[in-house]
Amino acid sequence: MTTPDNLTVLTTATGKFATKQFSLQKDGTIKNRSYGNEMYFSVASVPITDINSLAHELDKLARNPRAFVIRGEPVSGTNRARTRRLALPHRKTGEPAAFEDRPRHWFSIDVDHIACPVVIDPAEDPEGAVEYVIGLLPPELHDGTCYWQFSSSQSVKITPGASDSLSLHLWYWSAEPLDNAALTRWALAANQIAGYKLIGPEFFRTVQAHYTAAPLFTPPLKDPLARRSGRRQGLDDAVTLVIPPAVPKRPYEPGRTGYEPGVGVEVHLREIGGPKGFRSPIMSAIASYIAIYGSHADVQPLYRAIRKAIRRSEPDGDLGRYHDDEHLDKITDWARQHHGDQPPKGFHAEPPPHIVDPDIPAPEQELPEARPPEFSDDALALRFSNAHGHCLRHVALWGKWLQWNGAHWEPEDTLRTFDLARAICRAASTQVPPDQTKLAAAIASAKTVAAVERLAKADRRHAATIDQWDADPAVIHYPEEKP
């Protein structure tokens, strides 16, 4: 099943080039005339549904030297015929922000100036160069289909004697839409594990230019690369990234607390072969297992459970790459590196019997009783918004609540909003009949309080955008230009 998304394509308003231009000088050196300094752009939203339609549009953009892509989505009221590339109001002119962060299925990885082994030649074997770079990336990308583009300067010897390196962009399709903060955390965590800047985190910004056009060469100078872009067919058309948790109040920074168990290993095992396919739930099961039992846990019981789940889904199928440990080990090693030496977060000293021996059936889990409609998470969230809709706002891009103090809006940094949600839940729990103690406890639980606060963020009485505030952006938001 395809999920709609779109590419935001900007085209220079005055016809300036959005790619590099190379020409040969009389002294034999190569002159690089870089991107035009354009201020205004026209905006187009191009619908895409999967990696194939993404590759098709990128192929067309490679032939348009005046256009490029950004991750941001035009905000309501943006002049699509002529606008500036602003994610925040301009401090000097007062021009409003034109684009906002939007979770996307597509993402592009910027790999810049990676040392090129002598056996790799992007001119003679571009696919070999691409495979080499993909092999350096996190394992969740190794089997994914992608669209690749060498950078404009790849193999252009502007400085005589310069060492060879590889610079390219790799475009992937994520099974789940991801926002800029999640992608930045993922990139920074990957760089920490690699020990150097492998992935450019600055690419995951609302208005960061993703240049897509092939460079221009003035005769007699020729492009040293016969092919600058192409589609790499993988085993999976959609990839699932292992996103580390964030540092509290700093959504762009990866935390150091390791994974959370999430819904649990058993849930992910049951999803194998279903609507989510195979690789995504397998990766989630491994990450959850490491979170629960720790980085040093024996993973062989999990591997057996994974293979049993595959056979259950495809009784006559071939386990293929999952038959041997090597493929699963790559995913597990990556999960262990992400989790580090953080203590296990489960409730068992050892994996339960049905994980150790897949032939042992999993115990039946008692499902929680359904709550009456008036005590559902949604109903409680409506109570919250009815009570506080006039004095609380939430800006999703900043990840912040703001409160009215009687004179102006100010950031709420003391978890007061969570406390107000707890008061709503506590009051609701007292309305439950005295003999329904379990229901009362469920309504007042931390899980319900968190759900109420989370649901309230999307209520139109609270939801706000950054261009609504007449304030110094540096005071009330996480800086857009910093990871």
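The values are calculated or read from the model by the stated rules, or taken from the named source; none is laboratory data. The shown structure was predicted, so the numbers you read here are calculated from the model rather than taken from an experiment. Note that we place each Cβ from the backbone using ideal geometry, even for glycine, and neighbour counts take in every protein chain shown.
Would a scan of the range 316-330 turn up a residue that is under 20 Å from Glu271 (Cβ atoms) and modelled with pLDDT of 80 or more? Yes: the range 316-330 contains one or more residues that are under 20 Å from Glu271 (Cβ atoms) and modelled with pLDDT of 80 or more.
Quick check: is even one residue across the range 108-128 surrounded by 21 or more Cβ atoms within 10 Å (Cβ to Cβ), in contact with an Asp or Glu (Cβ under 7 Å, 6 or more places away or on another chain) and of a type outside the set (Asp, Glu)? No, that holds for no residue.
With respect to being in contact with a Leu (Cβ under 6 Å, 6 or more places away or on another chain), of a type in the set (Gly, Ala, Ser) and crowded, with 21+ Cβ neighbours inside 10 Å, Ala98 fits the description. Do you know which residues across the range 290-302 are buried (at least 19 other Cβ atoms within 10 Å of the Cβ) and without any contact (Cβ under 8 Å) to a residue 40 or more places away in the chain? If the condition is that a residue be buried (at least 19 other Cβ atoms within 10 Å of the Cβ) and without any contact (Cβ under 8 Å) to a residue 40 or more places away in the chain, then Val299 is the only one that fits. Among the residues in the range 115-124, are any closer than 24 Å to Ile243 by Cα and either touching a residue at least 24 places away in the same chain (Cβ under 8 Å) or of a type in the set (D, E, K, R) (or both)? Among the residues of the range 115-124, not one is closer than 24 Å to Ile243 by Cα and either touching a residue at least 24 places away in the same chain (Cβ under 8 Å) or of a type in the set (D, E, K, R) (or both), which makes the answer no. Where residues in the range 5-25 are surrounded by fewer than 17 Cβ atoms within 10 Å (Cβ to Cβ) and hydrophobic (A, V, I, L, M, F, W, C), which of them is farthest from Pro215 (Cα to Cα)? Among them, the one singled out is Ala13.
For the range 89-187, give me every one of the strands (runs of 3 or more DSSP E) that falls completely inside it and has 2 or more residues that are of a type in the set (Gly, Ala, Ser) and more than 19 Å from Lys20 (Cβ to Cβ).
Hits in the range 89-187: 165-178.
For the range 220-229, indicate whether the set of residues that are under 21 Å from the mean Cα position of the chain (by Cα), at pLDDT 90 or above and either in the same structural domain as Arg63 (by TED's automatic domain parsing) or more than 30 Å from Lys276 (Cβ to Cβ) (or both) is non-empty. Steps first, please.
At the first step, the residues of the range 220-229 found to be under 21 Å from the mean Cα position of the chain (by Cα) are none.
Scanning the range 220-229, I find no residue that is under 21 Å from the mean Cα position of the chain (by Cα), at pLDDT 90 or above and either in the same structural domain as Arg63 (by TED's automatic domain parsing) or more than 30 Å from Lys276 (Cβ to Cβ) (or both), so the answer is no.
What residue, of Arg227, Arg231, is over 30 Å from Ala98 (Cα atoms), assigned to a strand (DSSP E or B) and in contact with a helix residue (DSSP H, G or I) (Cβ under 7 Å, 6 or more places away or on another chain)? None of the others qualify; the one that does is Arg231.
Considering Asn79, Asn64, Asn37, the condition of being under 30 Å from Arg232 (Cα atoms), out of contact with any Phe, Trp or Tyr (no Cβ under 7 Å at 6 or more places or on another chain), surrounded by fewer than 16 Cβ atoms within 10 Å (Cβ to Cβ) and not β-branched (Val, Ile, Thr) is satisfied by Asn64 alone.
When residues in the range 59-103 are screened for being touching a residue at least 60 places away in the same chain (Cβ under 8 Å) and among the β-branched types (Val, Ile, Thr), 3 of them pass.
Report whether or not Glu266 is in a helix (DSSP H, G or I) and loosely packed, with under 15 Cβ neighbours inside 10 Å.
Values: in a helix (DSSP H, G or I): yes; loosely packed, with under 15 Cβ neighbours inside 10 Å: no.
So Glu266 fails the test.
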